[in-house]
Amino acid sequence: MGRSISKILGRIARSPGRVFRENKKGPGKDNEDEVKTRKTIDMNEKTESADAIVLERTLNAPIARVWQALTDVDQMRAWYFDLKEFKAEPGFEFEFIVEHEGTKYHHLCKVTEAISQKKLAYTWRYKGEPGDSLVTFELLPDGNKTKLRLTHKGLDTFPKTAAYARKNFEMGWTGIATELEQFLERQGR
């Protein structure tokens, strides 16, 4: 494969012809987001599996609105990936394909847990590749805001190639969390 997973997971096309926008909040903002992620990872290193990525953000939106962004397929298409269908129901399987530089990455996922306005978890793997991981979104109230804890574990089950390097997943999830944060900010106006 040889392609960087950050390009697959983070700042690349979510739907044909559509790419993650660069952050327009000013110079260094993307780096600040990466630093937030790395600090969270470092703080949780002893309590999480060694390969887990843990990202925490406080989102300027109530839990109900964040949950809707995480589970409504139309809203997911605006900030996440171009999913044909999605249901926050255990057992529901979904998939999406991301193409980057002529290589297609076929993601296969299955919802394992859905507790309304609290937790959403699903498996994450790639068709034709070894490995099976788990992505979890946990929501906690913080006044009129929501604390999001995003965990991706099982990265050590993926091929030991540059395309599946941990740092690429870190950058990818940081980009996705930023997209969610910006989407919610636009919705709140």
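Computed from the coordinates by the stated procedures, all read-outs in this text should not be read as laboratory data. What you see is a predicted model, and the numbers here were worked out from it, not measured in a lab.
Data table
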item: Count of lysine pairs in region 43-189 with Cα separation under 21 Å (8 or more residues apart, or interchain); result: 26
item: Rounded Å value of the spacing that divides the Cα centres of region 89-112 and region 130-147; result: 19
item: Shape parameters for region 68-189, alpha-carbon atoms, Rg then Dmax in Å; result: 14.7, 45
